[in-house]
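Notes follow once the structure below has been shown.
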Amino acid sequence: MKKKIMLVAAAAVLLASCGGGGGRPTFGDNEYPVMTVGTQSSSSQATYPATIKGMQDVQISPKVQGFITQINVKEGQTVSAGQVLFVLDNATYQAQVRQAQAAVNTAQATCNTAKLTYENAKKLSENNVIGDFELQSAANGFESAKAGLAQAQASLANAKEMLSFCYVKSPAAGVVGTLPYKVGTLVSAASVLTTVSNISQMEVYFSMTEKDALAMSKSGEGLSSLPAVKLQLADGTLYGHEGKVTKMSGVIDQATGSVQLIALFPNPEKMLKSGGSGAIVIPHDNASAIVIPQRSVVEVQNKKFVYLLGKENKVVYTEIQVAPEDDGTNYVVTGGLKVGDKYVSNGITKLTDGMVIVPISIDRYQQKIKEQAKAMSAGDIVNAMKK
């Protein structure tokens, strides 16, 4: 009795496996199980490799050449806009400021003298003591002195600006990166002293294939309608805050055939670091999706087909479109099927377009599998397993 039960169970398993996409049990009456297309809720997700960057990554370089005399910050320190980060040797520039200041003082004195001369010449001209030539010469001397003073003041302003360049300030608030140079190092405008990153919010860059981007556009899912996305960190864990896709490139990269997108994530704990890596996880939820088993689908040259039940019980070989993400068992159909259509769910490899079948329900199909399993002998099972 026990041996018989085991044989029946083995037969049932064998027949059930034959009921998939690869074949079906031999009922002898051309019966095939048929299912009606309906809707159900579906949830899936897509994952894309990503790179993490600060909202603002500013490279700090000096505008003048000089030796570093002070480093006022440490790596990882939070700084404010305008804060002095480095000081360069400024003795030469201080001397230039003093020289320019002296030139301004001289030009100011010359201008004052020229002004007195001109005012005196005006009085003498009014009393007809001197002529117009002498008056005009005094006026020209005054204008020349004023021009000389303006030039000296411009030189002083330039000298002060050059001196200010010795105090390297942060142009934005953020966190200090690495400090590759030490005190005493000679640096120039080509030297990157550090990077200040605004990491209060992080921009996460990822790329989507042209096919996925086109599918998203056709489905009407613009950036505003995209759901909140998640960030998978380098260690495989999920980041504690959700992000939002805010930007999409308008140009497709010809080398990779992809479109770049940017998701914005809050970073209150400063866990995310600029330059880090991870993966963007985009969920896809559909409350009224058409879902069919993968065993009911024939795939030919990257195209997918099902056998629909047509008039007079003839099957129609029909192409369908499915979502790029699947769970390994089912497909979410995006085109080619509508609610109410009927399709063959098992044994599809034995079908041909236009073939007449006898449609049965899934329950009846399972019942016939059990009936045939009970009727099979041990020899039948062994022979079937050898095939």
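The values are calculated or read from the model by the stated rules, or taken from the named source; none is laboratory data. Predicted, not measured: the structure shown is a model, and the values here were computed from it. Methodologically, a virtual Cβ is constructed for each residue, glycine included, from the backbone with ideal geometry; neighbour enumeration extends over all protein chains shown. Quick note on the areas: whole protein, heavy atoms, side chains included, nothing else; ligands and nucleic acids left out. Shrake-Rupley method; radii C 1.70, N 1.55, O 1.52, S 1.80 Å.
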(request) Tell me, rounded to the nearest percent, the portion of alpha carbon pairs in region 293-363 spaced more than 20 Å apart. (result) 26
(request) Can you tell me how much longer the chain between residue 115 and residue 238 gets when fully stretched, taken as 0.36 nm per residue apart minus their C-alpha distance, in nm with one decimal? (result) 36.6 nm
(request) Could you check how much of the accessible area of the chain is carbon and sulfur, as a whole percent, using a 1.4 Å probe? (result) 53
(message) If I histogram all Cα-Cα distances within region 20-155 using bins 10 Å wide from 0, what percent of pairs lands in each bin?
(response) 8, 15, 13, 11, 10, 9, 8, 6, 5, 5, 4, 3, 2, 1
(request) State, to one decimal in nm, how far the label point of residue 364 lies from the label point of residue 327, with both points 7 Å from Cα in the Cβ direction. (result) 2.9
(request) For residue 132, tell me the accessible area in Å² from a 1.4 Å probe, rounded to the nearest 10. (result) 120
(message) Here are labelled values, (i) 146; (ii) 127; (iii) 279, and one is the computed volume of the Cα convex hull per residue in Å³ for what I pasted. Which one?
(response) (iii)
(message) In whole Hz and in residue order, list the ³J(HN,Hα) couplings for region 261-272 that follow from phi through the Karplus curve 6.51 cos²θ - 1.76 cosθ + 1.60, θ = phi - 60°; x for Gly and Pro.
(response) 10, 10, 10, 9, 10, x, 9, x, 8, 6, 6, 7
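Once fully extended, how much extra length lies between residue 286 and residue 191, figured as 0.36 nm per residue of separation less the alpha-carbon to alpha-carbon distance?
Between residue 286 and residue 191, full extension yields 28.9 nm more.
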(message) Run the numbers for residue 182 and residue 136: contour at 0.36 nm per residue of separation, minus the present Cα-Cα distance, in nm.
(response) 10.4 nm
(request) For residue 230, go through the lysines and keep the ones whose alpha-carbon is under 29 Å away, minus same-chain ones fewer than eight residues off. (result) 53, 211, 218, 244, 247, 270, 273
(message) Over the chain, with the other protein chains present, what is the accessible area per residue in square angstrom, probe 1.4 angstrom?
(response) 57
(request) Give the long-range amide H neighbours of residue 341: residues separated by 5 or more places, or on another chain, with amide H under 5 Å away, using H modelled in the peptide plane at 1.01 Å from N. (result) 37
(message) If every alpha-carbon in region 102-205 counts as one equal scatterer, what log10 I(q)/I(0) does Debye give at q = 0.17, 0.23, 0.24 1/Å?
(response) -0.88, -1.14, -1.18
(request) Please give the solvent-accessible surface of residue 319 in Å², to the nearest 10, using a probe radius of 1.4 Å with every protein chain present. (result) 70
(request) For an R0 of 45 angstrom, estimate the FRET efficiency from the Cβ-Cβ distance between residue 256 and residue 146 and round to the nearest 0.05. (result) 0.10
